[in-house]
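Below is one structure, written out as structure tokens; the observations come after it.
The values are calculated or read from the model by the stated rules, or taken from the named source; none is laboratory data. Just so we're clear, the structure is a prediction, and the values are computed from it rather than from any experiment. Here the Cβ positions follow ideal geometry from the backbone for every residue, glycine too, while neighbour counts run over all protein chains shown. With ligands, DNA and RNA removed, areas are computed over all heavy atoms of the protein, side chains included. Shrake-Rupley method; radii C 1.70, N 1.55, O 1.52, S 1.80 Å.
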Amino acid sequence: LNVTEEKFLVATLVGCTEYKSILDVVVNAFYVQDGRYCPISERNLYIVICYLATFQLEEIGLQRFSRIVKSLDTAKMQQFLRFFFNDLYLNTWIKDEWSHFYDSEYVKENWIDPLLRWQPKVQQLIEKLTDKLSSHTTTVKTSRVTQPKEFNLTVPKPRAIPPPSPAALPVLPKRQPVPPSIYKPPKERKQLEEIKTKNMQKAKDLLLKANTNQFRCATIKPEKREGTILTSREIDPFLPQYLEVVWESVLAQYFDELRKQPQDLIDNIPIKLNTAAILREGALYQRKLEEELKRIENLQQGAGDPSEFLEWQKQMRGKDLEEQLTEIECRRLQGKLSYEEAVLAHQNVIQENKKKADLLREEKAELMHLYAEKRLQEQKEMKELVEQVMEGHKNVKQVKAKIQEYKQQIVQQVCEESGELLRQALEEKEEENRKRYELIQQIRAIESTPGIRHKFIDLTETGGHGLFGEMSIVELRERLALLKEAQKAAEEEKRDQIIHEKQAKEQLILDKLDQISQFRAELGRAAALKQEEKKKSQSGERPMKDERILNLQKKIVEKTMERKKQAGL
């Protein structure tokens, strides 16, 4: 079948299975009324015709439906279609029975009305089938005429082709043996396995090292432990809070070191510049030079100096930074305080769990005692059952011996029969191989006859296909040579242009580097002067701590003392 017919058959099968309940209503009624004498083996035929008429008539069309009906038995199709397309049946009991499975409005709109609309055309098909039946019944049987038959003469066998002589047969060249490397695994696979093993061992070492040194930032130093020991199970519930506290302390330490670090060390870090960085830095210094020139022009024209505003802005930013650092220290101390409170709560939970565990141990001991008594009783019952079974096994051994002898006789008979069948199969296989060998010799003799094939080619002539721009092979080669020379000249010209552009770009980068070095020297001198002024103006007094930090430190000390007392108890 092609793809279209296969899709149609599959769709019909699925539809008949899906709507089996409503199709069975019509077919069962047909067998009760008009089809009483129809065989039950044709039930599926009527189901398919009913499905096509109800659901596929709009899609396949009346012409294709008529072709399907006419290909089947005329009397049966005429009888079933006349029963199914009856107006009275469709509007009464068929509609009522189908309404038991689906909504009545849906049944009327989608199934009953289309059937009534197709009823006049289907009625014409029924009349054609009726006329066909009547024409078949009026035909008169004529007497059969004797038809002569040809004589069954023996067909002469074709003459066998004489086998060629061994000298005339072509000798095939000896094939090279298969190299032994085919059956050996490649070296690359072994190397990959060794690399995989090394990587696996390295990963295991790293995992072991990570597990032994985990949470090193959260461990307490020996001199600061003060008698407090926490296991990994006790640390795990409070690990997020503790890590947050540690992270905030690290941030505060970093900001303190950043303020203490001299600015000239940060600015004088050597950086290797590429072409893009050189051009970018040159553009930056050029933009700064233009801004400075513009500022000087504005000052000459009477504009104000924004240095006072910038100084005030710098002081305000410093105050904001101090407030942020104070807030970070407060959050760190709050996290430490919550950690101490969580440790106290965890110790209380451990004591409650110990009490519950003692109660569970007592209950478990009682249950184990009851289970041991029940197990002893079951073992006694099992021993009695085993003794009863052993008595029954003694009588079974004699029956097994008789069955074994009978099976051996059957096996001997089967072996004799299989040997005879195997001998016949071997004889048939030898005959088949002999015929195949004769056929191969005939084919080789036919193939060994040489064939003369000569074809002369003139490279200066065209193909003669009648195409525009048709040329010979010689002319084609000449044109290709000219094109290659033109392409080579274009490449040389392009190469010279690239070299000139590259030299111009290198000269531009060297000029930019000279300009950048001059700007950096000037900026370094200005930064050194500014740092000296800042050291002179800066006072050595440290700011007082915030009241919130002092209060939090006192609370932490109190909670620590309470936790130590709880641990001592």
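Structure data summary
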quantity: Any pair with Cβ under 9 angstrom, 6 or more apart, that starts in segment 40-56 at a residue that is touching a residue at least 12 places away in the same chain (Cβ under 8 Å) and assigned to a helix (DSSP H, G or I) and ends at one that is buried (at least 19 other Cβ atoms within 10 Å of the Cβ) and hydroxyl-bearing (Ser, Thr, Tyr); calculated: Tyr51/Tyr19; Thr54/Tyr19; Phe55/Tyr19
quantity: Residues (assigned to a helix (DSSP H, G or I) and surrounded by 11 or more Cβ atoms within 10 Å (Cβ to Cβ)) located in segment 100-112; calculated: Ser104, Tyr106, Val107, Lys108, Glu109, Asn110, Trp111, Ile112
quantity: Selection status of Lys294, open to solvent by 70 Å² or more (accessible area, probe 1.4 Å), more than 23 Å from Ile516 (Cβ to Cβ), of a type in the set (D, E, K, R) and modelled with pLDDT of 80 or more; calculated: no
quantity: Selection count, segment 401-446, where residues are open to solvent by 80 Å² or more (accessible area, probe 1.4 Å) and in contact (Cβ under 8 Å) with a residue 24 or more places away in the chain; calculated: 2
quantity: Close pairs from segment 344-355: first closer than 11 Å to Ala567 by Cα, partner assigned to a helix (DSSP H, G or I) and open to solvent by 80 Å² or more (accessible area, probe 1.4 Å), Cβ under 9 Å, at least 6 apart; calculated: Leu344/Glu562
quantity: Filter result (open to solvent by 100 Å² or more (accessible area, probe 1.4 Å), of a type outside the set (D, E, K, R) and over 30 Å from Glu281 (Cα atoms)) within segment 478-508; calculated: Leu482, Leu483, Gln487
quantity: Segment 163-198, residues that are among the small types (Gly, Ala, Ser) and under 25 Å from Glu438 (Cβ atoms); calculated: Ser165, Ala167, Ala168
quantity: Single match in Gly302, Gly318, Gly335 (criterion: in a helix (DSSP H, G or I) and more than 30 Å from Arg563 (Cβ to Cβ)); calculated: Gly318
quantity: Qualifying residue in segment 1-15 (condition: in contact (Cβ under 8 Å) with a residue 40 or more places away in the chain, among the hydroxyl-bearing types (Ser, Thr, Tyr) and open to solvent by less than 100 Å² (accessible area, probe 1.4 Å)); calculated: yes
quantity: From the options Glu59, Glu97, residue that is within 50 Å of the chain's Cα centre (by Cα) and open to solvent by 100 Å² or more (accessible area, probe 1.4 Å); calculated: Glu59
quantity: Test for Val25: is it of a type in the set (A, V, I, L, M, F, W, C), open to solvent by 50 Å² or more (accessible area, probe 1.4 Å) and either without any contact (Cβ under 8 Å) to a residue 40 or more places away in the chain or over 20 Å from Leu129 (Cβ atoms) (or both); calculated: no
quantity: Residue that is nearest to Arg117 (Cα to Cα), among those in segment 28-56 that are polar (S, T, N, Q) and open to solvent by less than 80 Å² (accessible area, probe 1.4 Å); calculated: Thr54
quantity: Looking only at segment 113-130, and only at residues there that are in contact (Cβ under 8 Å) with a residue 40 or more places away in the chain and under 54 Å from the mean Cα position of the chain (by Cα), the one that is most open to solvent (accessible area, probe 1.4 Å); calculated: Trp118
quantity: Residue under evaluation Leu529, criteria (1) over 20 Å from Leu273 (Cβ atoms); (2) among the aliphatic types (A, V, I, L, M); (3) free of Cβ contacts under 8 Å to residues at least 40 places away in the same chain; (4) open to solvent by less than 100 Å² (accessible area, probe 1.4 Å), criterion not met; calculated: (4)
